[in-house]
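J.: Below is the structure I would like to discuss, written out as structure tokens.
The values are calculated or read from the model by the stated rules, or taken from the named source; none is laboratory data. All of these numbers come straight from a predicted model, not from anything done at the bench. Cβ placement follows ideal geometry from the backbone for every residue including glycine, while neighbour counts extend to all protein chains displayed.
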Amino acid sequence: MEQFKLSREEFEKLSKKKQTEYYLEGLLKILQTKYKGSTIKYRNETTKMAGIKLEAVYFRIDEQGLLMIKHSGLENMLESRESGFSSAHESAKEVVKEYNLGFKAVYGKSIVTI
Amino acid sequence: MKSKLRLLKEYFNSKKEVKTDNFKITEISAERKGSFVPSSAICVNSALKQLIEEGDIDDKGLFLDAGCGDGRIIALTAGIFNIPSLGVEFDAEVSGIAEKSIDDLSTILDFKKENAVVIKGDFTEDNTYEKAGIRFENIKTVFNYINNSKDIAKKIAEQSPEGTVFLLLDTCFIPMEFPGLKLEKSLKGLADLSKTTKKGYYDGIGNLNLKFMDVPYSINMYVYRK
């Protein structure tokens, strides 16, 4: 966990946006170094990340070191609420752009390239 | 045949029709010492399994869920791991639900009710434990799900014997620090490594191969020791 230098108290003083950035950046480093080439499906702990309600997060790093993230919450929306997809997709793109972590992300069934 | 974990999960899932307003996060006030947010039984089950296998906790010693809510964790520890367990819940209505849960689940999971005792009270006060004829100092493992964690950690640091374990289920990937307790292990990122169908995945407790991957996520189990 060397990627995370802040103490809990220091972390809790950050804004929610900064907390999310800090989390994602640290997570990316860990996944790239430790789990390259592996696929991990995370348990369905409902959480909120960058304002989007997630039911699960899938991470995968392929042989080129490319990280892909799939939010199953969005996938559900895709399947059950076609009409709601475009706004959800737009939100996802905004999140990805906003946090611009320099990787390719897969949200639902669509690919958003950063 | 259904696993005990599945039976436990199904039991609590079937309780959705109970007025859930009381289960939502509530403001901490003088009347309500904390809030009831159900713990992830799957996460705690995986953590306990690993910690027992690795000799981190004494599965024969008394287990306390400080802030036991509806009793799901002591049902898990007593009913699946056969650990003598105690749950303390401040809220009268919620502790009543916990007692009922233990009553029902002792039959469903086939364990002795005496192995999962629910006490209504404040987990920081000694007289709460005295009601059940127990001394806080005799508790080997204390569990808490971010509910007045600093208070119970302070009590362990001040009163518990050396070696007492404090398990903290926490939504933050950076562990808290508690004076007098040493962080021994961080179980992070419970991942499903099996190739299951989507149905199996959402079902939650299919034939999953769950493992902590040491990746920060929304649910983490931190293991402290005095």
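J.: Taking B:Glu184 as meeting all but one of (1) touching a Cys at 6+ places or on another chain (Cβ under 9 Å); (2) more than 12 Å from chain A (Cβ to nearest Cβ), write down the number of the exception.
T.: (1)
J.: Collect the residues in region B:38-81 that are within 14 Å of chain A (Cβ to nearest Cβ), of a type in the set (Val, Ile, Thr) and touching a Gly at 6+ places or on another chain (Cβ under 9 Å), keeping them in residue-number order.
T.: B:Ile42
J.: Can you spot a residue in region B:148-162 that is over 14 Å from the mean Cα position of the chain (by Cα), within 14 Å of chain A (Cβ to nearest Cβ) and in a helix (DSSP H, G or I)?
T.: yes
J.: Would you check if B:Phe81 is within 21 Å of B:Ser3 (Cβ to Cβ) and among the aromatic types (Phe, Trp, Tyr)?
T.: When the stated conditions are applied, B:Phe81 passes them.
J.: Counting just the residues of region B:165-181 that are under 16 Å from B:Asp56 (Cβ atoms) and under 16 Å from the mean Cα position of the chain (by Cα), which one comes out farthest from the other protein chains (Cβ to nearest Cβ)?
T.: B:Val165
J.: Return the residue satisfying two criteria in turn: it lies in region B:161-215 and is polar (S, T, N, Q) and modelled with pLDDT of 55 or more, and of such residues it is surrounded by the most Cβ atoms within 10 Å (Cβ to Cβ).
T.: Here the answer is B:Thr164.
J.: Determine whether B:Ile57 is modelled with pLDDT of 90 or more and either out of contact with any His (no Cβ under 8 Å at 6 or more places or on another chain) or not in a loop (DSSP other than H, G, I, E, B) (or both).
T.: yes
J.: Right, next: I'd like to check something: does region B:82-94 contain any residue that is among the hydrophobic types (A, V, I, L, M, F, W, C) and in a helix (DSSP H, G or I)?
T.: Yes, because at least one residue in region B:82-94 is among the hydrophobic types (A, V, I, L, M, F, W, C) and in a helix (DSSP H, G or I).
J.: Which one of these does B:Thr128 not meet: (1) of a type in the set (S, T, N, Q); (2) in contact with a helix residue (DSSP H, G or I) (Cβ under 6 Å, 6 or more places away or on another chain); (3) assigned to a helix (DSSP H, G or I)?
T.: Among (1) of a type in the set (S, T, N, Q); (2) in contact with a helix residue (DSSP H, G or I) (Cβ under 6 Å, 6 or more places away or on another chain); (3) assigned to a helix (DSSP H, G or I), the lone unmet condition for B:Thr128 is (2).
J.: Hey, another quick one. Output the qualifying pairs, or none if there are none: Cβ atoms under 6 angstrom, residues six or more apart or on different chains, first residue in region A:9-31 and within 15 Å of B:Cys172 (Cβ to Cβ) and within 11 Å of chain B (Cβ to nearest Cβ), second residue at pLDDT 70 or above and surrounded by 12 or more Cβ atoms within 10 Å (Cβ to Cβ).
T.: A:Phe11/B:Ile174; A:Gly26/A:Phe4
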